[in-house]
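A short worksheet on the structure shown next.
The values are calculated or read from the model by the stated rules, or taken from the named source; none is laboratory data. Bear in mind that the values here come from a model prediction, so they are computed numbers and not experimental data. Reconstructed Cβ throughout: ideal geometry from the backbone, glycine too, with neighbour counts over all protein chains shown. Heads up: the accessible areas ignore ligands, DNA and RNA and are worked out on the full protein's heavy atoms, side chains in. Shrake-Rupley method; radii C 1.70, N 1.55, O 1.52, S 1.80 Å.
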Amino acid sequence: MKKIFVPFIILIAFIFISAAMLIPSYNSFVQLEEDVDESYAQIENQLQRRLDLIPNLVETVKGFADQEQDIIDNVTQARSNLARAEGVNEQAEADAELNGALSRLLVVVENYPEIRSSENFQQLADELAGTENRIAVARRDFNETVSEFNRKAKSFPSNMIAGVFGFSEKAYFEAAPGASEVPKVEFGSDKE
């Protein structure tokens, strides 16, 4: 009778040990995935804050520099593209487009000292600069969280658990190609 229970006891012990190893690893993946989602939500939160500031900034500049309508239109279009973007890669590309458009807008501001001296513009520019810093911090935090998740998903033996439960590698928030290039701003002499 005792010989019959030995394989059963070994099987129960194996299941118990496997569960004791599997459950913490699974829970760790769940926690890391939530951390990635939370970090991404912070990026979206800061991008939304910037999207909310831009119309006020554009209106302030528009009041002073109507002849630069193309640049103002580019900022408005880039803002719209970012608002419609979904997913990490699409948002990163739209964000890079908006950064370029904002850079060109700020060059316009440099050519109009009366805009820079406007208290309203100065306050909006300061808020936008603060938001840009927050976006940079949120991106860094997101990428650090993604890195931690991806290391765990690729490491043995947790990679087997990741594969079984469908925890796949996460994408980093990367700058779009060409984002490191300085935007070119040309002021045509034919504008009146």
Computed over segment 73-171, the distribution of all Cα-Cα distances in 5 Å bins, rounded to whole %, is 2, 11, 13, 17, 14, 11, 9, 7, 5, 4, 3, 2, 0
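Helix-only mean residue ellipticity at 222 nm, the chain, DSSP H runs n ≥ 4 weighted -39,500 (n - 2.57), per residue, nearest 500. What is it?
-27500 deg cm²/dmol
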Across 10 Å bins beginning at 0, the whole-percent shares of Cα-Cα pair distances in the chain come to 8, 27, 23, 15, 10, 8, 4, 3, 2, 0, 0
The FRET efficiency for Lys154 and Ala129, from their Cβ-Cβ distance with R0 = 30 Å and rounded to 0.05, is 0.20
Simple spin-label estimate for Val137/Ser103, 7 Å along Cα→Cβ, in nm, reads 2.4 nm
If unit charges are put on Cβ atoms (+1 for Lys and Arg, -1 for Asp and Glu) and the dipole of segment 1-109 is taken about its Cα centre, the option from Ala78, Thr60, Gln48 lying farthest towards the positive end turns out to be Gln48
Inter-part gap, Cα centre of segment 27-45 to Cα centre of segment 106-179, in whole angstrom, is 14 Å
For the chain the mean separation of alpha carbon contacts under 8 Å (6+ apart) over residue count, i.e. relative contact order in percent, is 32 percent
Proximal lysine pairs in the chain, meaning Cα under 21 Å and 8 or more positions apart or interchain, come to 4
Magnitude of the Cβ-charge dipole (Lys and Arg +1, Asp and Glu -1) of segment 57-119 about the Cα centre, nearest 20 debye, reported as 60 debye
Of 142-149, 13-20, 112-119, ordering from highest average Cβ density within 10 Å down gives 142-149, 112-119, 13-20
With the 1.4 Å probe rolled over protein heavy atoms, the chain has an accessible area per residue in Å² of 63 Å²
So for segment 6-113, using the alpha carbon gyration tensor with a ≥ b ≥ c as root eigenvalues (a/c under 1.5 gives rounded; past that, a/b versus b/c decides prolate or oblate), I'd call it prolate
